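*Asks:* Pasting a structure below so you can have a look.
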């Protein structure tokens, strides 16, 4: 496994990984020059993207961890946990005050182990992307 930090990841590789975990591809969105990231980590096995986590942030007060994905063939091997630990460590080093993540209820035990407090939030999808 090879970890890359804040390196360019192709829109196709990200879209393929999204599709493998049952999410929409969003390939056009990932190709947009407006799509930026505060920090992201990509995991490759033989040049195939098998894990990824992204974070958006204002760089000072708040950060939002998004798109934690591990290809189904590689789940259960600690990659997701490692990606979260590395991301949280990085955000702490940058002294980001508040870190948020949105997750499905079935994933609560996974996120509990990192110390996230459950809070009420809302989320709205404004369009459908293939």
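The values are calculated or read from the model by the stated rules, or taken from the named source; none is laboratory data. Here the structure is a predicted model, which is why all the values come from computation and not from measurement. Neighbour counts run over all protein chains shown; Cβ positions are idealised from the backbone, glycine included.
*Asks:* Test each condition in (1) surrounded by 13 or more Cβ atoms within 10 Å (Cβ to Cβ); (2) in a helix (DSSP H, G or I); (3) modelled with pLDDT of 95 or more; (4) out of contact with any strand residue (DSSP E or B) (no Cβ under 6 Å at 6 or more places or on another chain) for residue 29 and report the one that comes out false.
*Replies:* (3)
*Asks:* Out of curiosity, is residue 68 closer than 22 Å to residue 110 by Cβ and either surrounded by 13 or more Cβ atoms within 10 Å (Cβ to Cβ) or more than 16 Å from the chain's Cα centre (by Cα) (or both)? Step through it out loud before you land on a result.
*Replies:* Values: closer than 22 Å to residue 110 by Cβ: yes; either surrounded by 13 or more Cβ atoms within 10 Å (Cβ to Cβ) or more than 16 Å from the chain's Cα centre (by Cα) (or both): yes.
Spelling it out, residue 68 is indeed closer than 22 Å to residue 110 by Cβ and either surrounded by 13 or more Cβ atoms within 10 Å (Cβ to Cβ) or more than 16 Å from the chain's Cα centre (by Cα) (or both).
*Asks:* How many residues does region 47-75 contain that are part of a loop (DSSP other than H, G, I, E, B) and at pLDDT 95 or above? First the steps, then the outcome.
*Replies:* So the first thing to find is which residues in region 47-75 are part of a loop (DSSP other than H, G, I, E, B), and the list is 47, 58-61, 71, 75.
Still in the list and also at pLDDT 95 or above: 71, 75.
Matching residues across region 47-75 total 2.
*Asks:* Pick from region 85-105 the residues that are within 24 Å of residue 43 (Cα to Cα) and without any contact (Cβ under 8 Å) to a residue 12 or more places away in the chain: which of them is surrounded by the most Cβ atoms within 10 Å (Cβ to Cβ)?
*Replies:* 103
*Asks:* Condition first: assigned to a helix (DSSP H, G or I), surrounded by 16 or more Cβ atoms within 10 Å (Cβ to Cβ), at negative phi and touching a strand residue (DSSP E or B) at 6+ places or on another chain (Cβ under 7 Å). Can you find one or more residues in region 32-46 that meet it?
*Replies:* No: zero hits.
*Asks:* Looking only at residues that are touching a residue at least 40 places away in the same chain (Cβ under 8 Å) and more than 26 Å from residue 61 (Cβ to Cβ) in region 28-48, which one is nearest to the chain's Cα centre (by Cα)? Before the answer, list the steps.
*Replies:* In the first step, residues of region 28-48 are kept if they are touching a residue at least 40 places away in the same chain (Cβ under 8 Å); the result is 28-29, 39, 41, 43-45.
When the remaining residues are screened for being more than 26 Å from residue 61 (Cβ to Cβ), the result is 28, 43-45.
Values: 28: 18, 43: 11, 44: 15, 45: 18 Å.
So the residue we want is 43.
*Asks:* Looking at region 101-128, which of its residues are within 24 Å of residue 58 (Cα to Cα) and at pLDDT 90 or above? First the steps, then the outcome.
*Replies:* Pass one, region 101-128, residues within 24 Å of residue 58 (Cα to Cα): 101-103, 111, 114-126.
101, 111, 114, 115 - these are the residues of region 101-128 that are within 24 Å of residue 58 (Cα to Cα) and at pLDDT 90 or above.
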